[in-house]
Amino acid sequence: AVATPTPTDVPAPVGEQKIERDERMARLAAEIHLRSQRYAKRPKRKFVSASTQEYVWASYLRGWVDRVERVGNLNYPDEARRRRLSGQVVITVAVRRNGTVEREDIVQSSGVPALDAAALRIAKMAEPYPPLPHTKEDPDILHVTRTWWFRPEGTMVDD
């Protein structure tokens, strides 16, 4: 014989308990709705690096690198130049569709705080970057990860 499920012995809430339960359920439903709206509105992101092969992004990065090197060399940190400090910093810069910077983060430190700080400052000073090109993906934010080399002679190169 197949056992048939039986309803629980807990009676359905009535009166005040029912009102409280219904209010809790309404609050939860509203919270779920709000979270799903926020999730749907989150920005679309694209991640690129030096190895990016997609033509449109490789082309965009060429101009991006030229801008960073120009700004970096004009604003090379005086302390680093005086002390002939050198090092490589891996940095990620998140660029909004309009070319402004959402954030800049050190991914791998050079081990020299002055150079790391300079990289963050230069990433911000170089804004606005060119607006993002329209693509099939059409991201709202482009995350560019690059290696910047601060040379002992006082120049900066984006590798």
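The values are calculated or read from the model by the stated rules, or taken from the named source; none is laboratory data. What you are looking at is a predicted structure, and each value in this text was computed from that prediction instead of being measured. Note: ideal-geometry Cβ built from the backbone for every residue, glycine included; neighbour counts use all protein chains shown. The accessibility values were calculated without ligands, DNA or RNA, using every heavy atom of the protein model including side chains. Shrake-Rupley method; radii C 1.70, N 1.55, O 1.52, S 1.80 Å.
Before moving on, here are some points about what is shown:
- Looking across region 17-63 at every residue that is assigned to a loop (DSSP other than H, G, I, E, B) and either of a type in the set (Asp, Glu) or in contact (Cβ under 8 Å) with a residue 12 or more places away in the chain (or both), the one that is most open to solvent (accessible area, probe 1.4 Å) is identified as LYS44.
- Residue selected from region 69-96 under the condition of a type in the set (D, E, K, R) and not in a loop (DSSP other than H, G, I, E, B), by the criterion surrounded by the most Cβ atoms within 10 Å (Cβ to Cβ): ARG96
- Any hit, region 130-148, residues being part of a loop (DSSP other than H, G, I, E, B), of a type in the set (Lys, Arg), in contact (Cβ under 8 Å) with a residue 12 or more places away in the chain and out of contact with any His (no Cβ under 7 Å at 6 or more places or on another chain): no
- Scanning region 109-129 for residues that are among the hydroxyl-bearing types (Ser, Thr, Tyr) and either crowded, with 17+ Cβ neighbours inside 10 Å or part of a helix (DSSP H, G or I) (or both) turns up SER110, TYR129.
- Members of region 130-156 that are of a type outside the set (Lys, Arg), open to solvent by 30 Å² or more (accessible area, probe 1.4 Å) and within 30 Å of ARG84 (Cβ to Cβ): THR145, THR147, TRP149, PRO152, GLU153, THR155
- Hey, ARG121 among the basic types (Lys, Arg), out of contact with any Leu (no Cβ under 6 Å at 6 or more places or on another chain) and closer than 17 Å to ASP158 by Cβ or not: yes
- Residue match in region 64-74 (condition: at negative phi, touching a residue at least 24 places away in the same chain (Cβ under 8 Å) and of a type in the set (Gly, Ala, Ser)): yes
- For region 97-108, a tally of residues being open to solvent by 30 Å² or more (accessible area, probe 1.4 Å) and part of a strand (DSSP E or B) returns 7.
- Enumeration of residues in region 1-39 that are hydroxyl-bearing (Ser, Thr, Tyr) and at pLDDT below 70: THR4, THR6, THR8, TYR39
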